[in-house]
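Participant: Mind having a look at this structure? Questions to follow.
The values are calculated or read from the model by the stated rules, or taken from the named source; none is laboratory data. These numbers were taken from a predicted model, which means no experiment stands behind them. A quick note on method: Cβ atoms are made from the backbone with ideal geometry, for glycine too, and the neighbour counts reach across all protein chains shown. Surface areas here come from the heavy atoms of the whole protein model, side chains and all, with no ligands, DNA or RNA. Shrake-Rupley method; radii C 1.70, N 1.55, O 1.52, S 1.80 Å.
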Amino acid sequence: EVQVALPLDGGEVSHAAAAESPPERRRRVLVIEDNADSADSLKEVLALGGHEVEIALDGPRGISRARRSRPDVVICDIGLPGMNGYAVARAFRTDEALRGTYLIALSGYARPENLQLAIAAGFDQHVAKPVDPRMLERLITEAPIGE
């Protein structure tokens, strides 16, 4: 599906402005992903939706960054080196300051047992790679923040 925006008055249309989430749906998002190219791509896509996005390339740095910046949503790869995504989710759920953060698991595996492992570790959602940007945007904007 391709969407084209044409200005009615001959002025320019900002693609970022056209794609932004309404202000009440903009989120502070932390992406924890060890593949820098994937993390940067995800950051760019989410920023087009008006979200404020930070990146951490491993679990310990992700937890540390989350303690400082208090993101609304964390998108965390499961296959991280050293401290995998399940361990990151468990750390969030046992940390008083981070416990309420909305966690989305990002994984190359989407079998029922992978979903069960993610939910058991504390993730709120499980998303299979490659990620559909529209579906991810919906999950982020519909995340129950501050409830």
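Residue-wise test of (1) basic (Lys, Arg); (2) over 25 Å from Gln116 (Cα atoms).
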residue	(1), (2)
Lys43	yes, yes
Ala47	no, yes
His51	no, yes
Ile55	no, yes
Gly59	no, no
Ile63	no, no
Asp72	no, no
Gly82	no, no
Ala87	no, no
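Participant: Would you mention how many residues in region 39-73 are among the acidic types (Asp, Glu) and either farther than 23 Å from Arg99 by Cα or in contact with a Ser or Thr (Cβ under 8 Å, 6 or more places away or on another chain) (or both)?
Facilitator: Qualifying residue count for the region: 4.
Participant: Look through Val53, Val2, Val13, Val74 and report the one residue that is out of contact with any helix residue (DSSP H, G or I) (no Cβ under 6 Å at 6 or more places or on another chain), under 16 Å from Thr141 (Cβ atoms) and either at pLDDT 95 or above or surrounded by fewer than 16 Cβ atoms within 10 Å (Cβ to Cβ) (or both).
Facilitator: Exactly one residue qualifies, and that residue is Val74.
Participant: Next question. Is it the case that some residue within region 23-40 is among the basic types (Lys, Arg) and open to solvent by less than 70 Å² (accessible area, probe 1.4 Å)?
Facilitator: yes
Participant: Looking at region 78-92 only, could you name the residues that are touching a strand residue (DSSP E or B) at 6+ places or on another chain (Cβ under 9 Å) and surrounded by 15 or more Cβ atoms within 10 Å (Cβ to Cβ)?
Facilitator: Ile78, Leu80, Asn84, Gly85, Tyr86, Val88, Ala89, Phe92, listed by residue number.
Participant: Looking at region 108-124, which of its residues are within 25 Å of Arg70 (Cβ to Cβ) and either open to solvent by less than 60 Å² (accessible area, probe 1.4 Å) or of a type in the set (Asp, Glu) (or both)?
Facilitator: Ala118, Ala121, Gly122, Phe123, Asp124
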